[in-house]
Amino acid sequence: MSNEELTLKCGNPECRVSETGRCVEGFELDECLQFGNDPEELTQEDESDEVDTSAPCVQLRSAETLSLEETSMLLRAAPTRVIAIIGPSDSGKTSLIAGLYELFQEGPIGNISFSRSVTLHAFEQTCHDARSASRRTSPHIHRTRRGEVRFYHLDISGAGAAKSLTLALADRAGEEYKGAADDTSMGVDFPEVQRADTLTLLVDGQRHLDSGARHNLRSEVIMIIQALVDGGALQNGQRLAVVLTKIDQIVGSPNEGRALSEFSKLVKKIEELFPNIFTTIVSFKIAASPKSGEMKRGTGVDELLDFWKDPAPPIAEPAIITIFPKRAFARLRQLEE
Ligand SMILES: Nc1nc2c(ncn2[C@@H]2O[C@H](COP(=O)(O)OP(=O)(O)OP(=O)(O)O)[C@@H](O)[C@H]2O)c(=O)[nH]1
Ligand SMILES: [Mg+2]
């Protein structure tokens, strides 16, 4: 065994630094407190620990993602921004949520501080997936399963609200948004979009690099918005963030200039096609989970967070509401902060 192999070890039994050369927690090796220690192993004593069922206990919530009903309770309790993160499969929706949580682990983001989350376990799980659960040398994240939308919760402070502000980040499988665009007869039932203060539409930067894939991507993205408009999900004068993801793949590549200019054209096209749908359309560029060490994890996510914290404009005039949302969640509105 070489000297290098001997030193590549970690006290965290889940860390595969000896195989991947990377810290499972995402630290630089010289910053990780466990690096260099012998891996801890579960002793038989640990495994056979029996739970004393006679002791009084308190049942804690699971800290997993929240359902629509659970998120409705949040909306009633505090000033809340509902952020619907939408886009085709693999565009980086779940990675964006993981990247935001990771940034907060380093401290405040700008002047915004993390206060609390009731979905900590879910955040940890997605970050773990993004880092190395798959034991690959580059970050990998599980595809979000089809089904009901799930919400990640964050309370933040210093965002201009009197006390803290709640963010409810909606995550759903990209296949479902794409399915609605492909087959409009299915109708759209996306309460998170109807209730969203800010719609955040992700455009996959990696696909933007390829001339063939780029063309399909553009029509896919436009068809998703069109399906949401036709299905009556967008009618409250919401704000739209159009986000180019995975810019670590674009910056420095031979096609960088063309990819960035195509993205600007796409944003312009959305403005032209949907002039009265959104109150504001702003574009962002991020690398929530870069594959190489060249770009910092969470690049650009701070600017997006700053945009998310702002409220949607006042409720649109009832006269322009053409379809009454089926779900109570989509009808809940903040009356005052
Ligand atoms: N290079 C690079 N890859 C990224 C970045 N963000 C996400 N990815 C990768 O893109 C792939 C898809 O990311 P996800 O976050 O799962 O995408 P998603 O939109 O949630 O996909 P669905 O759950 O299928 O809808 C994963 O392999 C990620 O590791 C990034 O900033 N840079
Ligand atoms: Mg996902």
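The values are calculated or read from the model by the stated rules, or taken from the named source; none is laboratory data. This is a predicted model, so every value here is computed, not measured. FYI the Cβ positions are ideal-geometry reconstructions off the backbone, even for glycines, and counts take in every protein chain you see.
Miscellaneous remarks
- Selection status of Gln226, polar (S, T, N, Q), crowded, with 24+ Cβ neighbours inside 10 Å and at pLDDT 85 or above: no
- Sole exception among (1) part of a strand (DSSP E or B); (2) among the small types (Gly, Ala, Ser); (3) away from ligand 2 (no atom under 14 Å from the Cβ); (4) within 27 Å of Tyr177 (Cα to Cα) for Ser72, by number: (1)
- Flag if Glu69 is under 27 Å from Gln194 (Cα atoms), modelled with pLDDT of 80 or more and not hydroxyl-bearing (Ser, Thr, Tyr): yes
- Complete set of residues in region 274-309 that are part of a loop (DSSP other than H, G, I, E, B) and hydroxyl-bearing (Ser, Thr, Tyr): Thr279, Ser289, Ser292
- Residues in region 190-219 that are among the acidic types (Asp, Glu) and under 20 Å from the mean Cα position of the chain (by Cα): Glu192, Asp197, Asp204.
- Sole exception among (1) in contact with a strand residue (DSSP E or B) (Cβ under 7 Å, 6 or more places away or on another chain); (2) under 24 Å from Ala98 (Cα atoms) for Glu271, by number: (2)
- Qualifying residue in region 277-287 (condition: among the aliphatic types (A, V, I, L, M), without any contact (Cβ under 8 Å) to a residue 24 or more places away in the chain and either out of contact with any Gly (no Cβ under 7 Å at 6 or more places or on another chain) or assigned by TED's automatic domain parsing to the domain that holds Tyr101 (or both)): no
- Considering (1) under 22 Å from Glu303 (Cα atoms); (2) crowded, with 21+ Cβ neighbours inside 10 Å, the lone condition that Lys265 does not fulfil carries the number (2).
- Pairs are defined by a Cβ separation below 8 Å, a sequence spacing of at least 6 or placement on different chains, a first member in region 13-26 that is within 14 Å of Pro39 (Cβ to Cβ) and assigned by TED's automatic domain parsing to the domain that holds Thr126, and a second member that is modelled with pLDDT of 80 or more and part of a helix (DSSP H, G or I); no pair meets this definition.
- Region 161-180 residues that are without any contact (Cβ under 8 Å) to a residue 60 or more places away in the chain, paired with ones that are aliphatic (A, V, I, L, M) (beta carbon under 8 Å, 6 or more apart): Gly179/Met186; Ala180/Met186; Ala180/Val188; Ala180/Ile224; Ala180/Ala227; Ala180/Leu228
- Unmet criterion (only one of (1) part of a helix (DSSP H, G or I); (2) closer than 30 Å to Arg22 by Cα; (3) over 17 Å from the mean Cα position of the chain (by Cα)) for Gly257: (2)
- Selection over region 78-110 of residues that are part of a loop (DSSP other than H, G, I, E, B), near ligand 1 (Cβ under 8 Å from one of its atoms) and not small (Gly, Ala, Ser) gives a count of 2.
- Whichever residue in region 111-133 is over 13 Å from Leu305 (Cβ atoms) and hydroxyl-bearing (Ser, Thr, Tyr) and, among such residues, is farthest from ligand 1 (Cβ to nearest atom): Ser115
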